[in-house]
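Each reported figure results from applying straightforward, stated rules to the coordinates on display, with no laboratory input. Bear in mind that the values here come from a model prediction, so they are computed numbers and not experimental data. Please note: Cβ atoms are built from the backbone with ideal geometry, for glycine as well, and neighbour counts cover all protein chains shown.
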Amino acid sequence: VDKYPLSEMDSDFASTEAKHFGFYIQKGLFEEYAQFGRGHGHDLAPFDRYHEERGLRWPVVNGKETRWRYREGSDPYVEPGTGYQFYGQKDNRAVIFALPYEPPPESPDDEYRFWLVTGRVLEHWHSGSMTQRVPELYRAVPNAVVYMHPDDAKDNGMRRGTEVRVVSRRGEIRTRVETRGRNKPPRGLVFVAWFDASQLINKVTLDATDPISKQTDFKKCAVKIVKA
């Protein structure tokens, strides 16, 4: 991995690790990793290409990304005349598990009128224990807010910045309403990220657990939004 000199580093990419090793270690490690997937349906573009693009859908063959995987004419690994070919399987067919539908443990009703969905924001990963210590990321998104559709906020006498309580049958948190920004939930749905230790959104969410995967359903539940 040491064949890439520091002179090849992008000027916008600060890397104390590379300077410590004396060569462009990130590029070397990436290229070593990428060589194992090339020719096997897991092709990645060269390292420098990703500094030029917003993103590339793999496999990337001869500099061209694959927009629709397993589809003839789009995926270079699909043989002509096959239409769709799931070449990751010996029989070239997809593995699909037909399981019975399981309704959610709870749904919105007259009292708890909104779906709450939890997840991430771009700036913070999971609990924010690392990303919140980065000054630029913390300044960009210092707190978890509740994203609402502007019409839902208006119908409830709220606006951007209104202090509210997000309440479920299990618990509640206090935060503020956000009606602008990158998250644009549809009517009837609100979104709260889970990175903020001062706003423990899992106080609100469900503890229902999938009997097969053993995963807890922290991603959705019914809530009401009331002024604090």
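Once the convex hull of all Cα atoms in segment 114-227 is built, its volume per residue stands at 102 Å³. For the chain, modelled as a GNM whose springs connect Cα atoms under 10 angstrom apart, the maximal fluctuation among Ser15, Ser168, Ser129 occurs at Ser15. Can you give the log10 of the normalised intensity I(q)/I(0) at q = 0.11, 0.26 Å⁻¹, computed with Debye over equal Cα scatterers of segment 71-140? The Cα Debye sum returns log10 ratios of -0.75, -1.12.
Amide H to amide H distances under 5 Å link Glu178 with Val146, Tyr147, Met148, Gly161, where only residues 5 or more positions off or on other chains count and H is placed in the peptide plane. Taking the number of Cβ atoms within 10 Å of each Cβ as an exposure proxy, the fewest-first ranking of Thr162, Thr16 is Thr16, Thr162. Between the residues Val166, Thr16, Gly181, the greatest Cα displacement towards the positive end of the dipole of the chain, with unit charges on the Cβ of Lys, Arg, Asp and Glu, is found for Val166. Think of segment 90-228 as a dipole: +1 on every Lys or Arg Cβ, -1 on every Asp or Glu Cβ, centred on the Cα centre; then among Gly128, Pro104, Val117, Gly128 lies furthest on the positive end. Secondary structure note: in the chain, about 75% of the DSSP beta bridges are antiparallel. The helix-only estimate of mean residue ellipticity at 222 nm for the chain, built from DSSP H runs of length n ≥ 4 each weighted as -39500 (n - 2.57), is -3500 deg cm²/dmol after division by the residue total. In a reduced charge model with +1 at each Lys and Arg Cβ and -1 at each Asp and Glu Cβ, the chain shows a dipole moment near 780 debye about its Cα centre. Spread over its residues, the convex hull of the C-alpha atoms of the chain is 199 Å³ per residue. For segment 192-224, trypsin sites (Lys or Arg not before Pro) meeting the loop criterion (DSSP other than H, G, I, E, B) and having at most 12 other Cβ atoms within 10 Å: Lys214. Our summary of shape: the Cα atoms of segment 1-54 have principal axis extents of 34, 24, 14 Å, ordered from largest down, in whole angstrom.
Computed from backbone phi with θ = phi - 60° and the Karplus coefficients 6.51, -1.76 and 1.60, the 3J(HN,Hα) list for segment 162-170 is 4, 7, 9, 10, 9, 10, 10, 5, 10 Hz; x is used for glycine and proline.
Here the spin labels are modelled as points 7 Å beyond Cα on the Cα-Cβ line, and at Glu136 and Tyr101 they lie 4.7 nm apart.
Can you give the relative contact order of segment 114-227 as a percent, counting alpha carbon pairs under 8 Å and 6+ residues apart?
37
Couplings for segment 140-145, taken from phi via the Karplus curve 6.51 cos²θ - 1.76 cosθ + 1.60 with θ = phi - 60°, read 5, 9, x, 9, 7, 10 Hz in order; Gly and Pro are left as x. Taking the number of Cβ atoms within 10 Å of each Cβ as an exposure proxy, the fewest-first ranking of Arg113, Arg139 is Arg139, Arg113. Listed by Cβ neighbour count within 10 Å, with the fewest neighbours leading, Tyr70, Tyr147 appear as Tyr70, Tyr147.
Count charges around Thr82 for me, please; just the other residues with Cβ under 15 Å from its Cβ, Lys/Arg as +1, Asp/Glu as -1. Working shown, then result.
On the way: positive: Arg69, Arg71, Lys90, Arg93; negative: Glu72, Asp75, Glu79, Asp91.
Local net charge: 0.
Sites counted here are GluC sites (Glu not before Pro) in a DSSP loop (not H, G, I, E or B) having no more than 12 other Cβ atoms within 10 Å; the longest part of the chain that contains none of them is 112-228. The residue among Val78, Val226, Asn62 whose Cα reaches farthest toward the positive pole of the charge dipole of the chain, with charges on the beta-carbon of Lys, Arg, Asp and Glu, is Val226. Close amide-amide hydrogen proximity is noted between Cys221 and Leu116, each under 5 Å apart and 5 or more residues distant or on a separate chain (H modeled in the peptide plane; Pro and chain starts excluded).
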